[in-house]
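Take a look at the structure below.
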Amino acid sequence: MGNDCIFCKIVEGVIPSFKIYEDENTLAFMDINPVNPGHCLVVPKNHAPNLFESEPEDLANTMATVRKVARAVQQVAKPYGLNLLQANGAGAAQSVFHLHFHIIPRGRDDDLRMNWGLKSGNKDEIAALAAKIKAAVED
Ligand code: AMP
Ligand code: ZN
């Protein structure tokens, strides 16, 4: 694992997160700076800094979880649309160097650009959505 990696610490439970789904190989949790309500992240438990250095099996497991969680987000947030985003390198605005996929519910006319600024979300609202999405994940 990456010693100073914040997502490894979330995987290990050393720092808290609003968990939505967890299995042997992957974890999904809410983004604490949601660009829209329901914005969440899916990571492989094994540390890899980016797509290029990921193991294909970890990536496959991660995508299976992305699908599962995206379906739950779709059901709960009922967004106008839903984007996936995955950044590689500072030049792509990657700020956490542990491979992750953003699941981003879209609002009608939300005018979201690819590299949005981070703004802290309301923790109670994030927690409430986390509980609903968690309950909507199907195995
Ligand atoms: P990226 O720019 O693709 O590297 O995105 C990193 C994302 O991680 C940002 O959307 C942050 O809001 C999010 N993030 C950073 N720290 C945490 C944390 N402790 N818990 C949840 N999300 C986080
Ligand atoms: Zn890591």
Rounded to whole Hz, the Karplus (6.51, -1.76, 1.60) HN-Hα couplings of region 18-23, x for glycine and proline:
8, 6, 10, 7, 8, 9
Checking the a/c ratio against 1.5 first, then a/b against b/c, what shape does the Cα gyration tensor give for region 6-138?
rounded
Given H placed on each backbone N at 1.01 Å, which residues far from Ala87 in sequence or on other chains put an amide H within less than 5 Å of it?
His100
What longest region of the chain stays clear of trypsin sites (Lys or Arg not before Pro) that DSSP places outside H, G, I, E and B and that have at most 10 other Cβ atoms within 10 Å?
1-107
Amide proton proximity set for Ile20, modelled H, under 5 Å, gap of 5+:
Ala28, Phe29, Met30
Rounded to whole Hz and in sequence order, give me ³J(HN,Hα) for region 25-38 from the Karplus expression 6.51 cos²θ - 1.76 cosθ + 1.60, θ = phi - 60°, writing x for Gly and Pro.
10, 9, 9, 10, 8, 6, 6, 7, 10, x, 7, 8, x, x
So which chymotrypsin sites (Phe, Trp or Tyr not before Pro) in region 15-80 end up in coil per DSSP with only 10 or fewer other C-beta atoms within 10 Å?
Phe52
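Could you line up Met30, Met63, Met114 from fewest to most neighbouring Cβ atoms inside 10 Å?
Met114, Met63, Met30
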Hey, what number do you get for the chain at 222 nm if only DSSP H runs of n ≥ 4 count, each worth -39500 (n - 2.57), divided across all residues, to the nearest 500?
-10000 deg cm²/dmol
Applying the Karplus parametrisation 6.51 cos²θ - 1.76 cosθ + 1.60 with θ = phi - 60° to the phi angles of region 70-84, what ³J(HN,Hα) value in whole Hz is obtained for each residue in order, glycine and proline being reported as x?
4, 5, 5, 4, 4, 5, 7, 7, 6, x, 5, x, 8, 10, 9
Counting Lys +1, Arg +1, Asp -1, Glu -1, what net charge surrounds Gly81 among other residues with beta carbon under 10 Å of its beta carbon?
+1
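Since every read-out is calculated from the coordinates, none of them should be taken as a lab result. If you're wondering where the values come from, they're calculated on a predicted model, not measured in any experiment. With ideal geometry, Cβ positions are generated from the backbone for all residues, glycine too; neighbour counts draw on all protein chains shown.
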